[in-house]
Structure formats: C-alpha cells, structure tokens
4 protein chains.
Amino acid sequence: MLKIADKEFNSRLFTGTGKFSSSGLMEQAINASESELVTVALKRVDVKDNQDDILIHLKDARINLLPNTSGVRDAKEAVFAAQLAREALETNWIKLEIHPDPKYLLPDPIETLKAAEELVKSGFVVMPYIHADPVLCKRLEEVGTQCVMPLGAPIGTNKGLKTLDFLEIIIEQSNVPVVVDAGIGTPSHAAAAMELGADAVLVNTAIAVSQNPVAMGIAFKMAVEAGRMAYNAKLAPVQDKKAMASSPLTNFLYE
Amino acid sequence: MLKIADKEFNSRLFTGTGKFSSSGLMEQAINASESELVTVALKRVDVKDNQDDILIHLKDARINLLPNTSGVRDAKEAVFAAQLAREALETNWIKLEIHPDPKYLLPDPIETLKAAEELVKSGFVVMPYIHADPVLCKRLEEVGTQCVMPLGAPIGTNKGLKTLDFLEIIIEQSNVPVVVDAGIGTPSHAAAAMELGADAVLVNTAIAVSQNPVAMGIAFKMAVEAGRMAYNAKLAPVQDKKAMASSPLTNFLYE
Amino acid sequence: MLKIADKEFNSRLFTGTGKFSSSGLMEQAINASESELVTVALKRVDVKDNQDDILIHLKDARINLLPNTSGVRDAKEAVFAAQLAREALETNWIKLEIHPDPKYLLPDPIETLKAAEELVKSGFVVMPYIHADPVLCKRLEEVGTQCVMPLGAPIGTNKGLKTLDFLEIIIEQSNVPVVVDAGIGTPSHAAAAMELGADAVLVNTAIAVSQNPVAMGIAFKMAVEAGRMAYNAKLAPVQDKKAMASSPLTNFLYE
Amino acid sequence: MLKIADKEFNSRLFTGTGKFSSSGLMEQAINASESELVTVALKRVDVKDNQDDILIHLKDARINLLPNTSGVRDAKEAVFAAQLAREALETNWIKLEIHPDPKYLLPDPIETLKAAEELVKSGFVVMPYIHADPVLCKRLEEVGTQCVMPLGAPIGTNKGLKTLDFLEIIIEQSNVPVVVDAGIGTPSHAAAAMELGADAVLVNTAIAVSQNPVAMGIAFKMAVEAGRMAYNAKLAPVQDKKAMASSPLTNFLYE
C-alpha cells in the first residue's frame, strides 16, 4: 500500500479540481475515480467561506485535500501561501508549485528547493511539483520532502511521458514515493507511468475536459491499477527485432 | 458490445496459448483475463487426441477456440490447415497467419488475401493477421473477412504500437472490427490501442512470459476496459506546448 | 557508389517535381540538390509536347527522368501508364505507384506486385513504391524489381521514419537497393534513413513547400551525405541509461 | 554567424576530447570536423605541463579551448576548478559541469546556478551544462551566463533529443545561445537539434567511439550545417494523416 508521511492510500490515482464544467460534475468524477488525494488551488478557494463551492463538493470521507500553491512565483510567496492553506484548510499537507513564467507554468527548481526546506522545517508534509530532474529529486529528498512529483510533459499538454528516460532514473534512485504529475493525458499514459514503477500519478485536465469526466475517472482508476499490477507481475522484456526460430507447419501438414 | 460474425463478446481482450511455462498456468491466466476468444496453433495441438493437453485446459464455457495457421508458408498450406482445424476442432473460425520467413514471422500480404478469399467462399469466419497496411485491410474486407488483425510491432518484440499512424487510418476506414495483433507488450500498450478506437487486441507473449501470468492477465483485462471506456468518453486533445494565461496568486496573497 | 540496374549514381538523394510554386524554382532546387534521379508524374506531363514546361526544366545532363504512375488505381492501369511513359519519355525506368484510395494515396500491395511482375517481363526497370512490408519487399525482389521503395510515413505528412522498425528488417533482408520514399520531411529524417542503411531516399514535398526550396535542396544533399558517411563509419551504440564510473575531480583539486 | 561573448564561430559544432583511442586520432577527427570550440576536462590535463599530450594535439589556430569542470560535485569545487583552468590554460571561458552523482553524471541545478553567478562576477565566460529545464535556463541567463547548454539525453547514451519538448520552449524563450549538449549520438540527431533552432550542438562520444572518428567528424559537420540551413529555409509543416484530394489518372489514360 502506498504510504506518504503518516497516511496510507488504497488508490494510487491523485486528482485535481481545475477545469471541470461544474463542481457537481467534479464531485461525481472524483468519487468515481476513487481518488483519495485531491489537490485544490488555494487561489480558487475562498478560504474564509466554509460554504465555498469547491470545498463543499470534496466532503467525502475518503478524500484528503491537498492544497497547492499554484500561482506563486517564488519561495517567499509559496511559504506564505502554504501557511494560509494550513490555517484555512486545517491540513499541513502542501503541494508546492512555483512557476514564475505564466505561459508554460513550468516549475522553478531553485525556489522550490528553498521553499521546500523551509516548509519541512515548519512541519509541513511537502509534495513538490518539479521538472523530471534526478539530481533535484535527490536534493528535495535530502531536505525532507515526503515525495517528489516530477512532470511527464508540460502541464495541460496531455502529451504523456515525454520525460520517460529521466523518470526511470528518478524511480531507481528515490527513497521517497515518486508521483508523476503533469502531462498525463490518457489512461494508457497513466498505466505506463505505473508500469515504470512510479508510486502514483496525478491527473486533472485529462479527466476534467473529457466529454464524460465520470467515465474517464473510472478509466483512469482501472488503468492505474492495471499498470501497478503489471509492474508487480514484471513486464516481459522488449526485444529488438525479435529473431526467432520457428518450425514450419509443413511437415505436420504433409506427414 | 463487440460482435464478430454471429458471436458477441463481452471481453475485447483476445489471448493466445503459446510460451506459457505450463498448461495449468495458461488456463489460470486465461481465465483470470476473462478472455472469450483464445487462439491456438494447429501445429501445437494433437488434433486426433481429445485428451490433448492444451485443449483440456481450454474447456471453460466462456472460451471460444480460434485455431490459427501459424507455420504455413503460402495460401495453399493455409487453406489445408484451416480445413484440418475445422474438422478437428469443430469450428469454422480461423486465424489466418501466413509467414514465409521463419525469422521475423511477418505476414505475407499476397498469400493472405488469396487464402482469405478462398476460405470465405468455403464458409470460414476468417480473421487475418496482417501488416498494418490500410489498403490491404480494405481488400480483405472486400473479400469478406469478418475482421482485420493488423500488427502493432513485429511479433514477440513487445514494442507496442509502432504502426500507430497506420492503425489510425485503418480504424477510420474499416467497416469490420479492427483487432490489433502482435507487438502489444504491456497493459499500457493495450489501453493505447483501445483509446485509438481499436475494437479489440490480441495479447499472448506479454502475458505468458511475465513472472506472474495470472496477475498480468488481470492487468490486461483492466487496461483494455480502461482504454475502451476512455475511447467512448473521448480523450482530451493533445496540446502543442500549451501556452496558457494564468493569473498570479500574488494579488490574492497580499490583498 | 549506388547502382540501380545499369546506372550508377553519385547522389543518393532522389527528388520529385510536385508542389513547387514554379517550374523555374523547381529547376533551381533540383539542381542545387545535385539529385540525379527525378520523378515526374505522367499525368502532369503533356507527353505529346516536347515543349512541356516541366520537362524543359529537367534538361540537365546529370538528371535521369523517372516517370511515375501516380493516379492509377490498379495493375492494368499501371501497365498502360508505364507503356505510355516509355514511349513518350524514351525511358524504360518506371516508378510504380498504385493507390486506389484517393485520400491517403497509400499503395496497394496486390496490384503493385502484379504490375511489377508484368512490367519486369516487358523489360522495364521497376521501382515500386510500397508499404514498409518486409515480406512484400522480398516478393518484389523475387519478381525482378531493381529496388524497393518502402514508405517512411503517409505521403505528404513529413512525419519522418514512422516505419523504422520495419525498414530495419527490410534493409537487413534486401538484395536490391532500398530507397525510403514518402514521409521524409526534414534533412534529419533523411540522415536517419541513411544511418539506418538505406541506399537512397526520395524527397519531394519537404523541398518543394519550404520557404526556400533551393537552400532546402542543399540541406537535404548534405544530410544524405552525412547520414551515409556515418553509416559507413559505424554509429556509436545506444546505451540504456548509461551507468558509468567516474573519478571525482576532488582528489586532483586538493592534492 | 554564431557569437558567444566576444567570439564569432563559423562552425556550430562544438566537440570534446574524451574517449578517443589516441590523441593523434582525436586531433585528426576534430580537425576534420572543423569545430572551433573544443572542451577538455581539467582533470585529464596536466596543467603544469605544456607538453601535455592532449593540449599538444589542440594547437590548431582555429581551435578555442573550453576547459570543463567535469568531476566536481558542488559550486565551491567548481569555482576552484575554474580558477585553476583560467590560470593554466589562459582562458576565462569555462564549461560548468557539476554532477554530484557519479553514476549518471547528471547536472545539479542548484549548485550550477550558484557557481555560475559567482564565476560571472569573477569575469568568466560561463557555459553551463544543465538539464533541459526552461526556468533554470532563464535564471542562468539572468545571472549572466553567455549561453545555456541543456542536455538532449543522459550523457553517453547516444539516445538523441529525448528532451525535445523542453528544448523547444528553451529556444523560444532564450536571449542567449542555446547549445544542445549530451545525448547526441548520430548526425541526424545533430541535424534535428539545429532544425529545431538550437544555436549549436556539442558532440563528443558519438565521434570518439565511432569506428572511424575522422569520417564521423565530417558527417557531423555536414549534418549541423544541413540542419541550420533547413532551419533558416523553414521546414515544411508536419501534417496529421494528410488527407488530400487527388485526381485519378484514369481520365487521362483513356481519353
């Protein structure tokens, strides 16, 4: 079973709350996916209002909220946002996202490490969203993050595991769970990440913008389970050009 | 529900019987996969012996046997083998495989079309294993094959959907079910084929040579279902570099 | 040096005449590319008129014309077109293209083999455009075609070597030159085909629709030469994840 | 013409000195490649000895030496190594490589930025070897590095442009030259990097371990030029499945 900090998860599919056409549909899709960790952007939640529309729809007992700092541009803003989130949502879990560039929303390695170190010291369970950079992953682990969340492709592109060669190295070297975040656009991408040995995946856009988010939530749930099961069962090796000897049927036919 | 000729299938995962370490394990894995169509090489079955070891393990009522002509080198041998199979296994279904080259076991388009035409006329339900050649697929459909079975990659390589660009065209143009055969090495490959719109996949090596064929059979079952469900729910589009506007969190933080 | 039938070629870059914005620009681009074999669609040439605009611009002594049968839908039409071409253009070389589907212009394996056999018997030098089907390539070689021309990707897509895994097998098995035709969209694609061991490539769209066809012609020329030279010099092997021991600089720094 | 700091380069192919079977062969290959910037590992040079075997073979007037800090594990060691190199080799150019992990030799983003900032202040022309991380590239540019050198794949793997999606963004956003470093294993990879808009590539292993390094040096030279020329001429767009209308030849044939 997957364990991050002191929590155990039956599901290795983490989800998000952005881009759904309605909060009701979001709730149905997330429930259908059986996801137990759901990230929510602090900036989209009215933290002073416990009747907030998004939060109301995430009340299922199975769901753990994971506030994220999306929108902050440096470590200082991230730390402030994390503190706000802790107070408002009563959780010390934080998905750390720092992206100074508003166009591609790619993460800043320097500010992320700085904020991670500070937040860990302040008692947060830090889940950092980062480039698929194996050395950065080790440094984050060293300052005490509870997992690493390397991206598969630029966020929102649905391009899949473009960083595969680096994810392999990260998974090989990591002592904390590896959660592939960003870029996963199809259930087959999610399955592939799990087959590689990732501990979990985070999927948002691909579920939210599907024509049928509820069905897509179920599809991702099954694909993640399939990929994990295949990882445990060990995949058959890839063969180059597969030369093989084969006895012709001819003898049999004419004997 | 998938329909080929007069049979309906709940499962879109077809399986094979080669390369398992034992017939008992084969039976367990195939049962776990819930596959309803199982191909068996005529040359490996002792058709005169109804105590044949392979056949004994395929007695589940859910399973339809699909004899294949693997090992034949031309249309004449294929037709003869199909007739033998019909008599021995009491089925007019035949998976047509003609590969003159014993090294890569790649199919012969000319002989396959010739044999298909003759077998259809003789009342067979013909399922031809072929290269992912869109024009050949149309010609086979025209002579009356009940599906087409284009390959994803050279058989036994586990390389996945190397023929993706051509499978897309085949699926777009086909009026009979498209079953991706050969090359599928992981559940994620199977899911990807289904997401593309394939009607079914045939998986053998990847299940048989896994360290845990039973678990792998289940993993493929789930992946195929996930892929089909995602296809029906419509995938989110792939975005190139995904430029997006994003409001910074800053205003919120300091307001 | 590349030899096809009785002709030797200094250049392994074959070109085409379609899609240029003007015949003058076509001439300049082809001359800049130093291509020695240039294919021309019979249907676009007014064969009765020796002042035909395309032909006038292909008068360079270095250039061999290669009429093609583009537009025909079966073997019978192809044979007729080839005979017309032989008479009109005074060459027994023919690029055999048979594509019944007007949408993707993909080649028909059955009709191509039939026409090839007949044309070889009639004394033609037959260069067949086909799917990257290794068995079909062998069958064409057996009926006497002087080369095979498997496609890299659907024609006009510029997608590159999508059929790589099959081109490798074709090159390994072929006793006649292998010319990669269709799909090559960039000089790097052309270089990659040559590195793989292809004997030549045919490029048309990628040169013709560039903003600067003359410069693009030169770029392809260099890339083809680079790829061939690299093939002869033997490429360094691809390493999986490349684990390596490395002595740290530290000792040196502080000694 | 490519300009870095105050130097102009006719060649966009940078090379390295490792892994050649002899220094004589290294000299011939580098000369044949016409490379004008050649990186040399400080740890392999005996800086006190002006008869050092490697340096003696890099005396050609065309060649600029680019010492690198390969082997250092943090910023402090890197700065010290750079100072040593400046003194010994009489150049203020430095290729900054910091890799704490001796297995994959992947670069450390944090230490690299720290060392870069300090070295720029000390008057060095800093060329940092880094992960293909667009945000890190911008930060390095901001502290004054004269170029950025993102990797294409893990060093020594010859896997090519695995980081393509990120290189595109880096090239789009960068105000300093982008040099693709590491992973380039074939001339076609080098051409592809240049077609993408990279300003230069650095190639070492692929030339050094070829069976014929001199020919491979020439092949890379041509491929880099071809790729750059194609970039300037603008590539034809990639088409998805390329549906096209085509008039059949039939009318013509039978008119």
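Quick notes
- Cross-chain or 6+ apart pairs with Cβ under 6 Å, the range C:22-39 first and touching a residue at least 60 places away in the same chain (Cβ under 8 Å), then of a type in the set (D, E, K, R): C:33/C:221; C:34/C:221; C:39/C:95
- Residues of the range B:197-219 classified as within 7 Å of chain A (Cβ to nearest Cβ) and in contact with a Ser or Thr (Cβ under 6 Å, 6 or more places away or on another chain), total: 1
- Any hit, the range D:107-115, residues being touching a helix residue (DSSP H, G or I) at 6+ places or on another chain (Cβ under 8 Å), small (Gly, Ala, Ser), touching a residue at least 12 places away in the same chain (Cβ under 8 Å) and surrounded by fewer than 23 Cβ atoms within 10 Å (Cβ to Cβ): no
- Qualifying residue in the range B:175-190 (condition: of a type in the set (Ser, Thr, Tyr) and modelled with pLDDT of 95 or more): yes
- Note on the range A:146-155: residues that are within 14 Å of chain B (Cβ to nearest Cβ) and touching a Leu at 6+ places or on another chain (Cβ under 7 Å) amount to 3.
- Failed item, numbered, when residue A:171 is tested on (1) surrounded by fewer than 22 Cβ atoms within 10 Å (Cβ to Cβ); (2) farther than 18 Å from residue B:193 by Cα; (3) out of contact with any strand residue (DSSP E or B) (no Cβ under 6 Å at 6 or more places or on another chain): (3)
- For residue A:180, the requirement of being assigned to a strand (DSSP E or B) and not aromatic (Phe, Trp, Tyr) is met.
- Selection count where residues are charged (D, E, K, R) and either touching a strand residue (DSSP E or B) at 6+ places or on another chain (Cβ under 6 Å) or at the interface with another protein chain (Cβ under 9 Å from one of its Cβ atoms) (or both), scope the range B:62-91: 2
- Pick from the range D:225-244, criterion over 30 Å from residue D:10 (Cβ atoms) and either more than 7 Å from chain C (Cβ to nearest Cβ) or modelled with pLDDT of 55 or more (or both), ranking: farthest from the chain's Cα centre (by Cα): D:241
- Evaluating residue A:10 against the criteria (1) crowded, with 16+ Cβ neighbours inside 10 Å; (2) in contact with a Lys or Arg (Cβ under 9 Å, 6 or more places away or on another chain) leaves one unmet condition, (1).
- Candidate set: the range A:120-150, residues that are of a type in the set (Ser, Thr, Tyr) and buried (at least 24 other Cβ atoms within 10 Å of the Cβ); chosen: the one nearest to the chain's Cα centre (by Cα): A:129
Each row is one residue, and each column tells you yes or no for (1) hydrophobic (A, V, I, L, M, F, W, C); (2) out of contact with any Cys (no Cβ under 8 Å at 6 or more places or on another chain); (3) within 13 Å of chain A (Cβ to nearest Cβ).
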position: B:144; (1), (2), (3): no, yes, no
position: B:157; (1), (2), (3): no, yes, yes
position: B:165; (1), (2), (3): no, yes, no
position: B:171; (1), (2), (3): yes, yes, no
position: B:178; (1), (2), (3): yes, no, no
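- Annotation: of all residues in the range B:88-104 being touching a residue at least 24 places away in the same chain (Cβ under 8 Å), out of contact with any helix residue (DSSP H, G or I) (no Cβ under 6 Å at 6 or more places or on another chain) and farther than 18 Å from residue B:155 by Cβ, the one that is surrounded by the most Cβ atoms within 10 Å (Cβ to Cβ) is B:93.
- Neighbours by Cβ (under 6 Å, 6+ apart or cross-chain): first from the range C:124-143, touching a residue at least 60 places away in the same chain (Cβ under 8 Å); second assigned to a loop (DSSP other than H, G, I, E, B) and not basic (Lys, Arg): C:125/C:5; C:125/C:92; C:125/C:146; C:127/C:147; C:129/C:97; C:129/C:107
- Restricting attention to the range A:92-132, the residues that are closer than 20 Å to residue D:172 by Cβ and within 7 Å of another protein chain (Cβ to nearest Cβ) add up to 11.
The values are calculated or read from the model by the stated rules, or taken from the named source; none is laboratory data. Just so it is clear, the model here is predicted, and its values are computed rather than measured. Positions of Cβ are generated from backbone atoms using ideal geometry, with glycine treated the same way; all protein chains shown enter the neighbour counts.
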